[in-house]
Each structure stands twice: as structure tokens, then as C-alpha cells.
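*Asks:* Shown below is the structure under consideration.
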Amino acid sequence: MVTTTTATPAVVVANPAYVTTSTATPAVSTIIVTQAPPAMQQEVVLAQPSSQHVWVAGYWTWRNERYEWMAGHWELPPNSGSVWVTPRWEREGNAYKFYEGYWK
């Protein structure tokens with residue numbers, strides 16, 4: 001999916017529970033936009049629910065023709081040896097490409 005836009009507002013999406021369980025790899029899509037992502041937001045990290053939970057930091061994603069903040073949360077890895085690879089935006093020429101986060 002290729003998306004081009006001019007300046008648009010950002011939206012913050014909160015996860016009030018801060019805890020999720022990951023059992024499958026999310027669908028991978030390609031997002032390319034011409035507007036740089038906003039600065040990362042500071043988050044309050046709540047108490048770790050268990051020693052097995054991993055904090056997945058918040059990040060900016062692109063939805064509905066604008067950036068949306070996805071709040072950080074505690075997550076149970078799919079396997080005990082799994083490592084979270086953080087989602088990221090990379091500049092490519094005059095655009096920014098989004099790479100989804102995933103467990104490896």
C-alpha cells in the first residue's frame with residue numbers, strides 16, 4: 001500500500017489494560033508516507049504482571065490517512081526464547097517506510 005499525504009493530525013490510541021498475549025505473527029503490509037512520523041511519546045510503564053511478560057514500547061503507525069500512537073503494553077512472548085523486534089520507520093529518499101514489529 002502506498003500512501004501520500006500532507007500535514008495531518010496525529011491520534012493517540014491507548015491500551016487501558018496494558019497486557020496482551022501474542023499467539024500469531026501479525027499480517028505484514030507495506031506503508032510508505034511522505035510525512036515524517038511525530039516524535040516518540042513518553043510512556044508510563046506499569047508494574048510487570050509476571051516475570052515472563054515483556055514490555056512492548058509504544059510506536060507511531062499509519063491509519064486512516066494519519067499517524068496514530070499505539071500505546072506500549074506488556075505482552076507474553078509466543079515462546080520462552082522469543083525476542084521482540086521493535087516496529088520502526090526508515091527514511092527512504094523523500095518518504096518514510098514502516099516496518100512492523102514481530103517476535104523472532
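*Asks:* Which order do the peptides 55-66, 87-98 come out in when sorted by mean C-beta neighbours inside 10 angstrom, highest first?
*Replies:* 55-66, 87-98
*Asks:* Decide, for the range 54-104, between rounded, prolate and oblate: order the square roots of the alpha carbon gyration tensor eigenvalues as a ≥ b ≥ c, take rounded if a/c falls under 1.5, and otherwise choose prolate if a/b is larger than b/c, else oblate.
*Replies:* Values: a/c = 3.33, a/b = 1.76, b/c = 1.89.
Here the range 54-104 falls in the oblate category.
*Asks:* Run the numbers for LYS104 and GLN48: contour at 0.36 nm per residue of separation, minus the present Cα-Cα distance, in nm.
*Replies:* Extra length available between LYS104 and GLN48 comes to 18.0 nm.
*Asks:* Here's something else I'd like to know. Among 73-79, 30-36, how do they line up from the highest to the lowest mean number of other beta-carbon atoms within 10 Å?
*Replies:* Peptide ranking by packing, descending: 73-79, 30-36.
Only the coordinates and a few stated rules stand behind these numbers; no lab work does. All values reported here derive from a predicted model rather than from experimental measurement. Note that we place each Cβ from the backbone using ideal geometry, even for glycine, and neighbour counts take in every protein chain shown.
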